[in-house]
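Novice: What follows is a structure written as structure tokens; I'll ask about it next.
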Amino acid sequence: MGFNRQLLETALKSGIWYNYLPSSLHIFDSVSSTNQILWDLLKNGADKNSIVIATQQTAGKGQWGRQWISPTGGLYLSVGIVPKLEATDSYRLTLASAWGIAAQLRQWCISVGIKWPNDLVLHGRKLGGILTETKVHNGQIIQAVIGVGINWANPVPDTGINLQSWQASQPHKAISCLEILTSTVLLGIKSGIDCLCQEGVSVLLSRYLDLLTNIGEQVYINNLLGTVVGVTSQGKLCVSFNTDDTNEIKTPEIYMEPGTISLGYRESSVLL
Ligand code: BTN
């Protein structure tokens, strides 16, 4: 079944998007990747805040060059934004979107958490992910595309969870269709970016950390066992080590770049 544009617009207009311009909302049945299509549209002069939604993707992109399997039933969308941000701070867009989306879903009593750096998790399983891409000029981000994939009714692997099936096992039905999920996610991205831009990165980070499921988790780094204690404003994972007489490590805390360590879902964490 295709995406119902009218239902989405109604959901959007009932929220903060009462002034929403539908002309910047591009809905497709099947695309290679919504991120890629949005970049193509932007290149051809589309509104810098355009949104692309697709029923399925044939070449969905995940983090670290992975593929994002995207059959019908899932939510696949990309949002264009022009943040006033230096390129070195680009990861803040992912932190902001992850927090905003998780917070909005929690308003529907869906207890979504965040798994560092960009995963949305529900009961320890992957519900969705975020892929932010940027175009940079003179060290400044001049255009960003935030891509979000959420498992709604699509099949998922063992480590994943889909929201529609999970909701079916709950006493209260919350989100009733893909279009309402879409408006919730769009609102989440907007509220996350607004928090970053208006309240600042410290506020955003403390909200992100409140929903982070990895705090206190034990990880091995270079064969040393450490504990996850936080995330920096540039998205690095802070891991602290006990320094006792038998431990030769000099710095009690180290910072891991996103993509250099995977915290995993079931197995213990491994260096990539
Ligand atoms: C991850 O690896 O966890 C991030 C996955 C992001 C997937 C979304 S689906 C919509 C958008 N278009 C893409 O090609 N990727 C993102």
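Computed from the coordinates by the stated procedures, all read-outs in this text should not be read as laboratory data. Keep in mind the model is a prediction, meaning the values are calculated, not measured. Here the Cβ positions follow ideal geometry from the backbone for every residue, glycine too, while neighbour counts run over all protein chains shown.
Novice: Cα extents of region 179-236 along the three principal axes, largest first, in whole Å?
Specialist: Principal axes ranked by extent give 45, 27, 16 Å for the Cα atoms.
Novice: At what distance in nm do the modelled label points of SER30 and ASP89 sit from each other, each positioned 7 Å from its Cα along Cα→Cβ?
Specialist: So the label points at SER30 and ASP89 sit 4.2 nm apart.
Novice: Also: So, by mean Cβ neighbours within 10 angstrom, what's the order for 34-47, 108-121 with the highest one leading?
Specialist: Those peptides, ordered most packed to least, come out 108-121, 34-47.
Novice: Structure shown: which of LYS13/LYS115; LYS13/LYS236; LYS61/LYS173; LYS61/LYS236 lie over 29 Å apart, alpha-carbon to alpha-carbon?
Specialist: Exceeds cut-off: LYS13/LYS115; LYS13/LYS236; LYS61/LYS173.
Novice: Ratio of Rg to Rh for the chain, alpha carbon only, Kirkwood?
Specialist: My calculation of the ratio gives 0.98.
Novice: How big is the C-alpha Rg of region 114-171 next to the rule-of-thumb value 2.2 N^0.38 Å, as a ratio?
Specialist: 1.48
Novice: If every alpha-carbon in region 1-110 counts as one equal scatterer, what log10 I(q)/I(0) does Debye give at q = 0.10, 0.15, 0.23 1/Å?
Specialist: -0.33, -0.79, -1.58
Novice: How would you rank 66-75, 92-101, highest first, on the average number of other Cβ atoms within 10 Å across their residues?
Specialist: 92-101, 66-75
Novice: Rounded to the nearest 500, what is the chain's calculated 222 nm mean residue ellipticity when only DSSP H runs of at least 4 contribute -39500 (n - 2.57) each, over all residues?
Specialist: -8000 deg cm²/dmol
Novice: Grab the other residues whose beta carbon is less than 11 angstrom from that of GLY188, score K and R as +1, D and E as -1, and report the net.
Specialist: Value of the local net charge: +1.
Novice: Taking the Cα-to-Cβ direction at HIS137 and at SER202 and moving 7 Å from each Cα, how far apart do the two end points lie in nm?
Specialist: Simple spin-label model gives 3.3 nm for this pair.
Novice: Here's a follow-up. Could you list which residues have their amide H under 5 Å from that of ILE114, counting only those 5 or more apart in sequence or on another chain, with H placed in the peptide plane?
Specialist: Those lying under 5 Å, H to H, from ILE114 are VAL121, LEU212, THR213.
Novice: Could you tell me the calculated FRET efficiency between SER176 and ASN223, based on Cβ-Cβ distance and R0 = 45 angstrom, to the nearest 0.05?
Specialist: 0.35
Novice: If you don't mind, there's one more thing I want to ask. What do you get for trypsin sites (Lys or Arg not before Pro) in region 116-201 restricted to DSSP loop and a cutoff of at most 11 other Cβ within 10 Å of the site's Cβ?
Specialist: Here the trypsin sites (Lys or Arg not before Pro) that fit, given the DSSP loop and packing criteria, are LYS173.
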